[in-house]
Amino acid sequence: MVRIKVCGITRPEDGAEAARLGADAVGLVFYGKSPRNVSIEQARAVIAALPPFVSVVALFVNPEREWVEQVLAGCAVDVLQFHGEESAEFCRSFHRPYLKAVRVRPGVDLLESARRYPDARGLLTDAFVEGAHGGTGTTFDWALLPHDLPLPLILSGGLDEKNIAEAVRRVRPAAVDVSSGVEAGKGIKDAARMAAFISGARHGSV
């Protein structure tokens, strides 16, 4: 069964609702340029509203080491997610499970990307949009994904309640990651869209 992460949570009620609907993980964005950026205090409030066994993923983009350490000291984070040009050495240096995001476009060698991060828990594939690091609502050509990727594949990029079942059926990812595709506004999740997305992901993986 495909695992489901709802990313860009900014409000405790949205995190709690995502979990109630069946999300396996929620994502908190610690990147100042993102409209879904949260402070450590906001993150704590979201985490406090979650039930047991829902993973908390902290997302960073080319962060300073001190900022990651500050977040880890202030929040109960389970997994780190790096969306920039961070090295494998940097990603693993915090001694936490981590995911590495790669922005996909023709010419990007995903097999080589996976080889560079052999200890990542998964390779998250997102759409390439110039100057952006996720949350753009843009899809990419799923045919660019290799079938023999040596890491678990996490599919992201432009997923929503309308295309998620087809995406899961075609790609067969280990997990899917959604942010803007289940929103009423930037950083504000829509309960009905989350419910439809999670239902579609489950049906697509049967």
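Give me the one-decimal nm value for the distance between modelled label points at Lys162 and Trp67, 7 Å along each residue's Cα-to-Cβ direction.
Taking the simple label geometry, Lys162 and Trp67 are separated by 3.4 nm.
So, R0 is 35 Å and r is the distance between the beta-carbons of Val108 and Ala48; what FRET efficiency does that work out to, to 0.05?
Details: r = 38 Å, r/R0 = 1.10.
My answer for the efficiency is 0.35.
How big is the antiparallel share of DSSP beta bridges in the chain, given as a percent to the nearest 5?
Details: 2 of 32 bridges.
About 5 percent, rounded to the nearest 5.
When all protein chains stay in place, what accessible area (Å², nearest 10, 1.4 Å probe) is found for Val108?
Rounded to the nearest 10, the figure is 50 Å².
In deg cm²/dmol, rounded to 500, what helix-only [θ] at 222 nm does the chain give when every DSSP H run of at least 4 residues adds -39500 (n - 2.57) and the total is split over its residues?
Values: 7 runs with 63 residues, N = 206.
It lands at -8500 deg cm²/dmol.
Quick one: accessible surface of His83, probe radius 1.4 Å, all protein chains present, in square angstrom to the nearest 10.
His83 has an accessible surface of roughly 10 Å² with all protein chains in place.
Which pairs break 21 Å Cα to Cα here: Lys5/Lys189; Lys100/Lys186; Lys33/Lys162; Lys100/Lys162? Mind dumping the intermediate values first?
Working: Lys5/Lys189 13 Å; Lys100/Lys186 23 Å; Lys33/Lys162 28 Å; Lys100/Lys162 26 Å.
Too far apart for the 21 Å limit: Lys100/Lys186; Lys33/Lys162; Lys100/Lys162.
Rounded, prolate or oblate: which fits the stretch 42-126 when a ≥ b ≥ c are the square roots of the eigenvalues of the alpha-carbon gyration tensor, with rounded for a/c under 1.5 and prolate only if a/b beats b/c? Don't jump to the answer; show the numbers that get you there.
Values: a/c = 2.20, a/b = 1.76, b/c = 1.25.
Note, shape of the stretch 42-126 comes out prolate.
Give me the distance in nm between label points sitting 7 Å out from Cα along the Cα-to-Cβ direction at Lys186 and Arg115, one decimal.
3.9 nm
The values are calculated or read from the model by the stated rules, or taken from the named source; none is laboratory data. What you see is a predicted model, and the numbers here were worked out from it, not measured in a lab. Positions of Cβ are backbone-derived with ideal geometry, glycine not excepted, and every protein chain shown enters the neighbour counts. Surface areas here come from the heavy atoms of the whole protein model, side chains and all, with no ligands, DNA or RNA. Shrake-Rupley method; radii C 1.70, N 1.55, O 1.52, S 1.80 Å.
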